[in-house]
Structure formats: C-alpha cells, structure tokens
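Below: the structure, in structure tokens.
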Amino acid sequence: MTPLSIDQLQIVSQKLLAVDFNVMDSFNHFYKKYYPICLGNLSDGLMDLGYFEESKLILEKLAFVADHVDSIELKMWAQYLTNVLNIYMDDQLNEKQNRLNKLNQIVTNWHNLLPSSHLVEGLHGTFQRLSDRNGDRPNNIHIPPVYILKP
C-alpha cells in the first residue's frame, strides 16, 4: 500500500484503463480478484474528489470486467457506484433526491435478497452515509491507500 497524490492517482487510473484484462488474467489469476477491486476503489476515490469524468471511465471498465468474470457482486458494486456518480453529478436538489430514493430502493432490494452478503451490508452502510449527506460528496475526504498491482 502507498498513499498517492492526485497526479499519481490520475496516472494510475490511466494505466489501469490501459490494462487488457484478458491478457493479464491469463498470466496471473490474482488479477481476476484484485484488478476489479482496484478499479472500484479508485473510481470511488476519484468520485469523492470530484473527478467525475475519470471516475466514469473507470466505472465503465469495472462493469466490463464484472461482465467478463460474470460476478454478480462486482456487477452490483459497479451499478451502485454508477448511481452514486449520477447523484454527485446532479445539481438539482429535486432530481438528486429522486436518484437517492431510487438507489435506496435498489439497496433495500439487495439487502432483502442477500441479507448475509458482506458486500450488500457494506453498500447499505455506505448508502446510509450518502443519505445522511443528502447525496452530497463528503467534505472531509480521507482516501485510503490504493493497492497497486505490478505486472
């Protein structure tokens, strides 16, 4: 683990986007597990910092990888983060509240469907914090260290 500056995060995001997942997966099975985690965490961090366009590109890559490995949990995480990104990007309070209500319904359905899932528990807690902020980005941002994979 290593803490990264904003410039370094942008460099890492460009490098992660350039990775051909099919090639890396065939070389090292750890990529199947850790590469999507890197994408999700990086996207979440960039979102919190207000780098929406970069976050959106990374989320698209995460959704591609989730489909490629056919992981329902990764698909749920990508969908959740995409909804959060849309909430953060929305400037109109009424529309932001509608998106929050929609996301609340999605997270509640996941919680009812998979009550013992650690991911769903985490997303439920994350949604509660998002809801407490009325859909605003956190103002006291602490980005945890990012895991960097070496090929």
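For the range 89-99, indicate whether the set of residues that are open to solvent by less than 30 Å² (accessible area, probe 1.4 Å) and touching a Phe, Trp or Tyr at 6+ places or on another chain (Cβ under 7 Å) is non-empty.
Residues of the range 89-99 that are open to solvent by less than 30 Å² (accessible area, probe 1.4 Å), as a first pass: 90, 96.
With touching a Phe, Trp or Tyr at 6+ places or on another chain (Cβ under 7 Å) added as a condition, the list becomes none.
No.
Please go through the range 51-77 and give me each residue that is among the aliphatic types (A, V, I, L, M), farther than 17 Å from Gln14 by Cα and free of Cβ contacts under 8 Å to residues at least 24 places away in the same chain, ordered by number. It would help to see each step written out before you state the result.
Here is the first cut: in the range 51-77, the residues among the aliphatic types (A, V, I, L, M) are 57-59, 62-63, 65-66, 69, 72, 74, 76.
The next check asks that each one be farther than 17 Å from Gln14 by Cα; those that pass are 66, 69, 72, 74, 76.
Across the range 51-77, the qualifying residue is only Ile72.
For Gln8, all conditions in the list (1) closer than 19 Å to Asp136 by Cα; (2) part of a helix (DSSP H, G or I) hold save one; what is the number of the exception?
(1)
Quick one: would you say Asp70 is open to solvent by 80 Å² or more (accessible area, probe 1.4 Å), at pLDDT below 90 and over 29 Å from Tyr31 (Cα atoms)?
It is false that Asp70 is open to solvent by 80 Å² or more (accessible area, probe 1.4 Å), at pLDDT below 90 and over 29 Å from Tyr31 (Cα atoms).
Can you tell me how many residues in the range 66-110 are outside any helix (DSSP H, G or I) and farther than 20 Å from Asp48 by Cβ? I'd like the intermediate steps shown before the answer.
If we filter the range 66-110 for residues that are outside any helix (DSSP H, G or I), which is where we start, we get 70-71, 90-92.
After this cut, where a residue has to be farther than 20 Å from Asp48 by Cβ as well, the list is 70-71, 92.
Total satisfying the criteria: 3.
Of all residues in the range 5-52 being open to solvent by 60 Å² or more (accessible area, probe 1.4 Å), among the aromatic types (Phe, Trp, Tyr) and modelled with pLDDT of 75 or more, which is farthest from Tyr88 (Cα to Cα)?
Selected residue: Tyr34.
May I ask you to list the residues in the range 58-88 that are farther than 20 Å from Asn134 by Cα and of a type in the set (Val, Ile, Thr)?
Kept after step one, since they are farther than 20 Å from Asn134 by Cα, are these residues of the range 58-88: 58-78.
Matches in the range 58-88: Ile58, Val65, Val69, Ile72.
If you check Ile141 against the conditions, is it at pLDDT below 85, surrounded by 12 or more Cβ atoms within 10 Å (Cβ to Cβ) and within 24 Å of Phe52 (Cβ to Cβ)?
Taking the combined requirement at face value, the residue does not satisfy it.
Could you give every pair whose Cβ atoms fall below 7 Å, whose first residue belongs to the range 125-138 and is among the aliphatic types (A, V, I, L, M), and whose second residue is open to solvent by less than 70 Å² (accessible area, probe 1.4 Å), counting only separations of at least 6 or pairs across chains?
Here the result reads Leu130/Val84, each pair linking the range 125-138 to a residue that is open to solvent by less than 70 Å² (accessible area, probe 1.4 Å).
Identify all residues within the range 100-121 that are open to solvent by less than 30 Å² (accessible area, probe 1.4 Å) and small (Gly, Ala, Ser); write none if there are none.
The one that is open to solvent by less than 30 Å² (accessible area, probe 1.4 Å) and small (Gly, Ala, Ser): Ser117.
The values are calculated or read from the model by the stated rules, or taken from the named source; none is laboratory data. Since this is a predicted model, take the numbers as computed values, not measurements. When we count neighbours, we look across all protein chains shown, and the Cβ atoms used for this are built from the backbone with ideal geometry, even at glycine. To get the accessible areas, we keep the full protein, side chains included, count just its heavy atoms, and leave off ligands, DNA and RNA. Shrake-Rupley method; radii C 1.70, N 1.55, O 1.52, S 1.80 Å.
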